[in-house]
Ligand code: ACO
């Protein structure tokens, strides 16, 4: 048995390739560096969905804008009922109300929903009514506008667009695998996305960026970083935002997001003090992890810079995993369709190691 299915190839895909030794992510033939900060999220969606969703228009922006309006109309009345739930769970429960088809309409609704629901849920918390989507805006700009209640600076909208692109797809990670397992049973896209949302929530996958900020807060100042980190590792705790199952070098998505953060900082949209503290903590963490685990290279992963970027964009830390989902949902849909079109029912075996016969009594 291969614990954690490490190194097991469980699907063939044309969607993305994660090169863990080279530190490269390729999405449908294009390196992440060619996409993040250059392509709109809508265009990366069209790239991922090509051949998998009949009727896909060349330009997805109008269709996705219309889908935001439709998702808002379909779900706005139900939002107050989710008020008592944690943000991520509220978003997931509302998304469960969407149709469970396998067509382009369903796919667009599933991408549109987190971008409208998350801002609406954030506004509900402060007693404000949700803002209606503006279908003519870019997906990232509209999501940020609805969350903030005001038009974002172009640099901020561009940073969120770069983020959504950066996390749009990433091989057979835990949530994407969950989506493919469900799709392999011929259930609909919403069922696949709901399973993936469950998998993404955990701190070993998409739930790490909030705790990254908790770490920065606990460290407090750069000169405290080394001692704090050594104490954490000595206590057997993991440092959030470091380490990866596949990457043995720095996660290329960390660089893509560090670039987006730098552009935000250069335009006065990110705090220099916070970024400097984070860079000091990153340096201290990498040095400590190298000492702590000399036989296993542990480097910065996507979640470290996710935390800094989303904080700079004004998202509260308990919403970070939902913003991640708003980007990754495009990849989940593509993988679910690919699995349904090219794969078989996913049904591995387990080895029984429990008691037998009289031992069982
Ligand atoms: N801090 C301290 N030690 C670590 C860390 C870390 N961040 N990551 C791995 N290790 C250690 C483990 O304790 C383990 O040591 P051991 O062999 O003495 O028990 C060894 O490195 C290997 O760890 P595994 O858990 O076997 O490695 P795996 O490939 O399963 O872990 C994971 C990958 C879950 C991401 C891990 O590195 C981790 O927990 N990181 C912190 C959480 C995090 O940042 N999650 C976001 C990941 S990115 C994403 O999913 C989008």
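The values are calculated or read from the model by the stated rules, or taken from the named source; none is laboratory data. Just so you know, these numbers come straight off a predicted model, no measurement behind them. Neighbour counts are summed over all protein chains in view; Cβ atoms, including those assigned to glycine, are modelled from backbone coordinates with ideal geometry.
With respect to residue 65, is the statement that it is at positive phi and in contact (Cβ under 8 Å) with a residue 40 or more places away in the chain true?
Details: at positive phi: no; in contact (Cβ under 8 Å) with a residue 40 or more places away in the chain: yes.
No, not satisfied.
Taking the options 277, 257, name whichever one is more than 12 Å from the ligand (Cβ to nearest atom), at pLDDT 95 or above and surrounded by 17 or more Cβ atoms within 10 Å (Cβ to Cβ).
Working: 257 fails: more than 12 Å from the ligand (Cβ to nearest atom).
Unique residue meeting the criteria: 277.
Need pairs with beta-carbon distance below 7 Å; first residue over 19 Å from residue 175 (Cα atoms) and within the stretch 1-26, second at pLDDT 95 or above and within 15 Å of the ligand (Cβ to nearest atom); sequence gap 6+ or separate chains.
Filtered contacts from the stretch 1-26: 23/252; 24/252.
Report whether or not residue 288 is within 13 Å of the ligand (Cβ to nearest atom), more than 19 Å from residue 33 (Cα to Cα), buried (at least 20 other Cβ atoms within 10 Å of the Cβ) and over 21 Å from the mean Cα position of the chain (by Cα). Let's see the steps before the verdict.
Numbers: within 13 Å of the ligand (Cβ to nearest atom): yes; more than 19 Å from residue 33 (Cα to Cα): yes; buried (at least 20 other Cβ atoms within 10 Å of the Cβ): yes; over 21 Å from the mean Cα position of the chain (by Cα): yes.
Yes; evaluated as a whole, the condition is true for this residue.
Consider residue 168 carefully, then state whether it is within 13 Å of the ligand (Cβ to nearest atom) and not in a loop (DSSP other than H, G, I, E, B). Before you say what the answer is, go through the steps one by one.
On the way: within 13 Å of the ligand (Cβ to nearest atom): yes; not in a loop (DSSP other than H, G, I, E, B): no.
Against the criterion (within 13 Å of the ligand (Cβ to nearest atom) and not in a loop (DSSP other than H, G, I, E, B)), residue 168 does not qualify.
Among the residues of the stretch 123-135, which ones are in contact (Cβ under 8 Å) with a residue 40 or more places away in the chain, outside any helix (DSSP H, G or I) and surrounded by fewer than 24 Cβ atoms within 10 Å (Cβ to Cβ)?
130, 132, 134, 135
Looking only at the stretch 216-245, which residues are within 12 Å of the ligand (Cβ to nearest atom) and part of a helix (DSSP H, G or I)?
Correct list: 229, 230, 232, 233, 234.
Look through 140, 107, 120, 155 and report the one residue that is more than 25 Å from residue 58 (Cα to Cα) and in contact (Cβ under 8 Å) with a residue 60 or more places away in the chain. Break it down stepwise before answering.
Numbers: 140 fails: more than 25 Å from residue 58 (Cα to Cα); 107 fails: more than 25 Å from residue 58 (Cα to Cα); 120 fails: in contact (Cβ under 8 Å) with a residue 60 or more places away in the chain.
Result: 155 is the single residue among 140, 107, 120, 155 that is more than 25 Å from residue 58 (Cα to Cα) and in contact (Cβ under 8 Å) with a residue 60 or more places away in the chain.
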